1. With respect to the cross-link table entries Lys192/Lys479; Lys292/Lys479; Lys192/Lys526, which display a Cα-Cα separation exceeding 30 Å?
2. Based on the alpha-carbon gyration tensor of region 327-426 and its eigenvalue square roots a ≥ b ≥ c, which shape applies: rounded if a/c is under 1.5, prolate if not and a/b is larger than b/c, or oblate?
3. Compute the distance in nm between two label points, each set 7 Å from the Cα along the Cα-to-Cβ direction, one at Arg228 and one at Tyr344.
4. Using per-residue counts of other Cβ atoms within 10 Å, averaged over each peptide, order 471-478, 313-320, 560-567 from highest down.
5. Could you order the peptides 278-289, 386-397, 342-353 from most to least packed, using the average number of other C-beta atoms within 10 Å per residue?
6. Alpha carbon centre of region 195-250 versus region 407-481: separation in Å?
7. Asn558 versus Ala500, label points 7 Å from Cα toward the beta carbon: distance in nm?
8. Report in % the part of the accessible area of region 424-502 that belongs to carbon and sulfur, leaving out ligands and nucleic acids; probe 1.4 Å.
Amino acid sequence: MSSGKGPEATTPASPGEDPNPQVSSIRRVQTREMINIAQALKDAAAHAQNAPRIPDAAPRKTDMPAAAFPLAPVGAKPADKQPARPGIKPVAKRPGSPRPPKPPKPVRPARSQRPTTLAQDAINAKTGLVGVTHSGAPALPPRVNPIAKRMISRLLASDSPPTQAIDIVEKLRGTPYANPKVNATQDASARKTLEFALDLAESMFRYGAGSLEVETSVIAVTAALGLRHTDVDITNQSIHLNFSPPEGESFSMLRVVRSWTNNFAGLAQVHQLVSDIVSGGVTRQQSVDRLKEISRKPRPFPRWMVATATGLFAACFVIFIGGSLLGAALAFVSSVALGPVAKYAARWRVPEFFAIATSSFIVTAIAVLFHALRAPIDPALVVAGGILLLLPSARFVSALQDAINGFPVTAAGRFFSAALTYAAILTGIMAALVSAAMLGAPKLDVSVIDTISYPGWLLAALVVVAVIAGAVTEQSDPKLLLPTGAIALMGYLILLGIQALGVGDRASPAVAATFIGLAGRWVAYKLRAPQLVLAAPAIVFLLPGLMIFRSMYGIVFNVDDMSGAMVQMFTAFTIMMAIAGGVVFGDTIARPLIGAEVLAERRNIRRR
């Protein structure tokens, strides 16, 4: 029976209705269905009471007395002809004449529904089936327990139903891309938008961005271009995007990143592109064109300038840790010689492990050679300055950031890659020292190193110059060089203050790195650049390059004290991890402040 309410009838929203439109819609549908079911049950009960009683069925032939059907005597043959009717003479059948047609059979009346027994009534009551009782009335199921009914309704109308999809745009809270503006003029082609998002993520990965930054950028771009139902999965080298709207066709696309390059300027330009898309001022086709232009744009500094910056960094760091001017000049020459090695290694597609091992071998061999020639240098300081740029500082920061932010597989892959680079440096140093010993070079004494004291202002200037030179080797944007040097200078002053308070040499670099991470995030937001571009070059002067060389030399030559050398190497690795953790911690502290300022700025823009 119908309840008298069509499917288009709606239930008015209550004053305390849930603000979530999906939950409130589910509740209204459930309420409407419950009202319709209750009304149908009432109509069925009223019909059962007013319906006429079904009379008893007519008796069947098997229930009639035997006298009604006389039996033929035993042995009698069945008659071939029909019995003669009174007043009608039988017609004689002629040979060869056709048989007369048989009279049609009478039409049987339709059978009425058989009454059920008491057992069937019990089955109908338990199963909820509607049948006919033995008295002829409809058998309705018993009344539903109102307590159970309320419990089921409460479960179905929960505030957080388990099948409700989580809005992935909520992951943008606390990031520079929070509250993206959807572009109303975007193209409706979801596949082209996903392809652009994959190209964007691949470019960011190749330029050294972390997994969290790549994920937030993809979510912000797809949401700004109209695709809010996009899931992002980043696993080591693969990027998987899945677009599954409630209505329409779904897409799933995968991209694998197989190469990396040093191009912080390109990473900063991609970051600016994402910011423009989120602000709502760039269409999808314009975004595709700008991304192609960024990928085809040459790096800001040529090879000769990068080689010169590498030598300048090594020379400044040798003086910074107490080396002589001749040692700084030798470090400059040995570091410049690494340029052709990297060039031909990339051209011949030599694995990174062997390229870095060869570079560290050259730096160590040149230092040991001049020490054997009685040059007034300390080879340990020269090697420490030459291998510092080879250390995977940016990779350590990205790996630790991925591990903290919930990307364990990607973090494990980057940690393993950084550990291989670290092992390649140690392999090159070991090979150079063993070769020098076999050729009869004098033994080094790394336990006592003669250092030269320089004034404080000179050390501060050397930190700024060295960090700017390191940023040039990373192909950073020219406008970001001075801010990077300023952040490093403030970090160095904080390092001196922490050490003056009595903090040890192992904990003070982590504190200074925390400030560098905090300042790097703030300055990066003001200059519309990623934090890694500013923080990674600024922490290089904190790395324990001299400790690494000492531990490696002790493992090779001081066999009696190998345990002490292993402890020293582990200490150096721990300091590097503490520096990377400090950068990530400073970034985490600055995010809430940046997120609040971003929201306020976006609101002011939309009010104009």
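1. As for pairs spanning more than 30 Å Cα to Cα, those are Lys192/Lys479; Lys192/Lys526.
2. Here region 327-426 falls in the prolate category.
3. It works out to 5.9 nm between the two label points.
4. 313-320, 471-478, 560-567
5. Working: 278-289: 17.2, 386-397: 24.5, 342-353: 12.2.
Highest mean packing first, the order is 386-397, 278-289, 342-353.
6. The two parts, judged by their Cα centres, are 35 Å apart.
7. 3.3 nm
8. Details: 2680 of 3830 Å².
With neighbouring chains kept in place, the figure for region 424-502 is 70 percent.
The values are calculated or read from the model by the stated rules, or taken from the named source; none is laboratory data. Because the structure is predicted, anything quoted here is derived from the model rather than measured. Cβ coordinates were reconstructed from backbone atoms using ideal geometry, including for glycine residues, and neighbour counts include every protein chain displayed. Areas reflect the complete protein model, heavy atoms only, side chains present, ligands, DNA and RNA absent. Shrake-Rupley method; radii C 1.70, N 1.55, O 1.52, S 1.80 Å.
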